[in-house]
Amino acid sequence: MMRYDVLIVGGGHAGAQAATVLRQRGYAGTIAIVGEEGELPYERPPLSKDYLQQTKPFERLLLRPASFWIERHIDLLLGRRVVAVDAAAHVATVEDGEAIGYGRMIWAAGGQPRRLTCEGHDLPGVHALRSRADVDRIISELPAVARVAVVGGGYIGLEAAAVLTKLGKAVTVLEAQDRVLARVAGGLLSRFFAQAHRERGVDVRLGAQVRSIVEADGRAGGVRLHDGEVVPAELVLVGIGIVPNIAPLIAAGADGGDGVAVDDHGRTSLPDVFAIGDCALHENRFAQGRALRLESVQNANDMAGTVAKAVVGNPEPYRAVPWFWSHQFDFNLQTVGLSGGFDQEIVRGDPATGSFSVVYLGNGEVLALDCVNATRDYVQGRALLGRRVAPAALADPGVPLKSLAR
């Protein structure tokens, strides 16, 4: 049986960064990354943007070249999925029955796209957008596609809608809630992006409940809504979130629910098992102590660093500032902090100009900023998180945010 001092399950940002930081900090034990995909670790954010638009080749998405892993003696066990964990014996079992022993495990398995469950959800032409293989399938079908229905008005759905519109497709976004970006932003930003998409030709439908996928000639031909209307589409892209890949850990006895629960150092309730990235449920100080999962490159990288420090014997609690970004048409959205629980939105600048920021307050304290084509606010606003600042000063674009942090 193969055995590694550190076995990392998951070959995305979190897993790759954990292995990298371990070596950077002088860890000399054996390390392996078990990855479900057959690819070297790569960036996911460009999949819904540059890669879908075919302006960036896959080789430029690789986090590191093959030589990097070889030179640092990090084994890549690709195309393998861990299906069971024996926490007492310190053994992981992959899909083909092979057992791999470990001293410590870092679970960085991310998640799978949440699927529709309605009639027709499995028809050809219905796609998720999570992996290179997903996007390659979409790209292969696009030449025969004139109309696209995007189910879900979150980051992935809107980014893909922008790209597909640029590629000349007629795109309809179907969002079940009463606004886009409802899970991550306030109403003002939601309205701005919905209008921006509409002005560029996207048909944005709110309160659009999907009843079924309509079949035409053996594949998807449209989306039937709850009111009976059929939105024609030769390709349906579903972007309604992810389901965390945690079943083997939960079956092994780990605490969790919507994610596997971890402490400030990324430890699960299982001995010598850590969890990081999209699947890790943690109490975040920028969320007023609420337990949540953060699906971001920042969280993946910073949690990886936290766990690597714990493994090498220099533990530091996870205290990283959350940040996110999204590119849609000619708008660069940069977010710092977490806006959940806000009770006031302060606008800096004029949204009509396409460059402005929204500052979110909760009980008078700055919780987060959404900055649209306003990088200076994004950079300077980080220092305001958790501070009480006069709303009038925040609203004045002539007052630099850095001056309010003094």
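The values are calculated or read from the model by the stated rules, or taken from the named source; none is laboratory data. Computed from a predicted model, the values in this text were never measured in an experiment. Methodologically, a virtual Cβ is constructed for each residue, glycine included, from the backbone with ideal geometry; neighbour enumeration extends over all protein chains shown. Keep in mind that these areas ignore ligands, DNA and RNA; they rest on the heavy atoms of the full protein, side chains included. Shrake-Rupley method; radii C 1.70, N 1.55, O 1.52, S 1.80 Å.
Overview of results
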item: T93 paired with Q24, simple spin-label distance in nm, labels 7 Å along Cα-to-beta-carbon; result: 3.7
item: Of all accessible heavy-atom area on segment 361-401, the percent that carbon and sulfur account for (1.4 Å); result: 52
item: Pairwise centroid distance, computed over Cα atoms, of segment 184-248 with segment 354-369, Å; result: 28
item: Segment 61-88 and segment 93-124: distance between their alpha carbon centers, rounded to Å; result: 15
item: Residue-span extension gain [Q53 to D264] - 0.36 nm each, minus C-alpha spacing; result: 72.1 nm
item: Nearest-0.05 FRET efficiency for I250 and A383, computed from C-beta distance (R0 56 Å); result: 0.90
item: For the chain: relative contact order, % (alpha-carbon pairs under 8 angstrom, 6 or more apart); result: 14
item: Per-pair calculated FRET efficiency, R0 = 51 Å: M1 and E199 via Cβ, rounded to 0.05; result: 0.30
item: Percent accessible area from carbon and sulfur atoms, segment 30-82, protein chains only, probe 1.4 Å; result: 46
item: Segment 283-343 - percent of accessible surface contributed by carbon and sulfur, probe 1.4 Å; result: 48
item: By average C-beta atoms within 10 angstrom, highest first, the peptides 382-393, 160-171; result: 160-171, 382-393
item: Residue-normalised accessible area of the chain, expressed per residue, 1.4 Å probe, Å²; result: 42
item: Label of the coordinate-derived value, log10 I(q)/I(0) by the Debye sum over Cα atoms at q = 0.06, 0.11, 0.13 Å⁻¹, listed as (1) -0.57, -0.93, -1.15; (2) -0.53, -0.96, -1.12; (3) -0.26, -0.88, -1.18; result: (3)
